Every structure is written in structure tokens, then in C-alpha cells.
Amino acid sequence: MRYLHTMVRVTDLDQSLDFYCNKLGLVQVRKNDFPQGKFTLVFLCAPEDKAAAEAAIAAGRRDAPMLELTYNWDPETYTGGRNFGHLAYEVDDIYATCEKLMKAGVTINRPPRDGRMAFVRSPDAISIEILQKGEAKAPAEPWASMPNTGVW
């Protein structure tokens, strides 16, 4: 058995790409429109995984960790984003990442008070866990005293 990808349904593809690519920092490696089925699939990955993802796609393999955004052209309402669980990404500097996200208008639902873990939510209420690469950073302000906001 091998992990292939995680799929999340999105209601606004442009808004979701803005969140996942421009704010969170993922990169797009493939996009396919399926007019017969009235849907679009967009595959994203972390920048460090881009070369492996592109090589896998070129070779017809599915062995690179990717996020699949599924956009159904006919409007649908999705509920229970929290029931999905979460996506998790490791970052070099959790404080810098959270600061960048806040400046981009993203709410930090669970601040990185411990220097190790934070949570944000996508425009479609998918929880995104952000983890510090390696050892946790020393607790620092404003994160150490920042309260939770909403749910994650």
C-alpha cells in the first residue's frame, strides 16, 4: 500500500488556489478540466516536493505527496469541514509562517503557543495543521499569549 494524495472539495477554485498557493505556499503541479463530468482537479504540493511530484507525473506514477482540490462546476454546499480532520504541513519557521498568514488575512485558529503547532482553516473550513520542522521553537510573543479563535 502507498499513500497517493488527499482530496478536498472546494466551492470557489480561485479563492481556494489563492489560499493554498499564495497564502499557505503550496505550488500547483497539475490541473485537469473534465467537461463531461463538469469538474476540475488541481494537484498541489509543498515546494520541497515539487520536483518529485513533477517526476512522478511525467513517469505516470502516483507516488508523490499531493493535495487534490476537486471543484465541481455545478454549485454544491459542503458541510462538516471539521469532520474531514486536517491536512498537515511542516515548515522551517512556524512563527514566520503564521505571521505571513496573518498579514494575508488568514485567522490563526490555534496559535503556535508551544512553538510547535498551529492551526488555520481554508476558505472551505478544512483544518490545516502547521508543524515546526525539527525541535519546537522557544515560546515567544505574540503567540505565547494569543487565544484560540474559532475552531480547527
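Which of (1) closer than 17 Å to Ile128 by Cβ; (2) open to solvent by less than 40 Å² (accessible area, probe 1.4 Å) does Thr11 not meet, given it meets every other one?
(2)
If a residue has to be farther than 13 Å from Val10 by Cβ, open to solvent by less than 50 Å² (accessible area, probe 1.4 Å) and either of a type outside the set (A, V, I, L, M, F, W, C) or assigned to a helix (DSSP H, G or I) (or both) to count, how many in region 31-48 make the cut?
Residues flagged as farther than 13 Å from Val10 by Cβ, open to solvent by less than 50 Å² (accessible area, probe 1.4 Å) and either of a type outside the set (A, V, I, L, M, F, W, C) or assigned to a helix (DSSP H, G or I) (or both) within region 31-48 amount to 1.
Which one is modelled with the lowest pLDDT, of the residues in region 80-94 that are open to solvent by less than 30 Å² (accessible area, probe 1.4 Å) and under 13 Å from Lys137 (Cα atoms)?
Among those residues, the one meeting the criterion is Val91.
What tally of residues in region 31-56 results from selecting those that are under 20 Å from the mean Cα position of the chain (by Cα) and at pLDDT below 90?
Looking only at that region, the number is 0.
Any residue that is small (Gly, Ala, Ser), touching a Leu at 6+ places or on another chain (Cβ under 7 Å) and closer than 30 Å to Asn148 by Cα - is there at least one of those in region 33-49? Working first, answer last.
The first filter runs over region 33-49 and keeps only residues small (Gly, Ala, Ser), leaving 37, 46.
From what is left, the residues that are touching a Leu at 6+ places or on another chain (Cβ under 7 Å) are 46.
If we keep only those that are closer than 30 Å to Asn148 by Cα as well, we get 46.
Taking every residue of region 33-49 in turn, at least one turns out to be small (Gly, Ala, Ser), touching a Leu at 6+ places or on another chain (Cβ under 7 Å) and closer than 30 Å to Asn148 by Cα.
Starting from residues that are among the aliphatic types (A, V, I, L, M) and more than 23 Å from Asp49 (Cβ to Cβ), keep the ones in region 95-135 and report whichever is least open to solvent (accessible area, probe 1.4 Å).
Narrowing region 95-135 to residues among the aliphatic types (A, V, I, L, M): 96, 101-102, 104, 106, 108, 117-118, 120, 125-126, 128, 130-131.
With the extra rule that they be more than 23 Å from Asp49 (Cβ to Cβ), the set shrinks to 102, 108, 125.
Values: Met102: 86, Ile108: 8, Ala125: 33 Å².
The qualifying residue least open to solvent (accessible area, probe 1.4 Å) is Ile108.
Among the residues of region 18-30, write down those that are open to solvent by less than 20 Å² (accessible area, probe 1.4 Å) and either in a helix (DSSP H, G or I) or touching a Pro at 6+ places or on another chain (Cβ under 6 Å) (or both).
Passing the criteria: Phe19, Tyr20.
The values are calculated or read from the model by the stated rules, or taken from the named source; none is laboratory data. Everything quoted here is computed from the prediction, not taken from an experiment. Here Cβ is always computed from backbone atoms with ideal geometry, including for glycine, and neighbour counts include all displayed protein chains. Side chains are part of the model used for accessible areas, which takes the heavy atoms of the whole protein and leaves out ligands, DNA and RNA. Shrake-Rupley method; radii C 1.70, N 1.55, O 1.52, S 1.80 Å.
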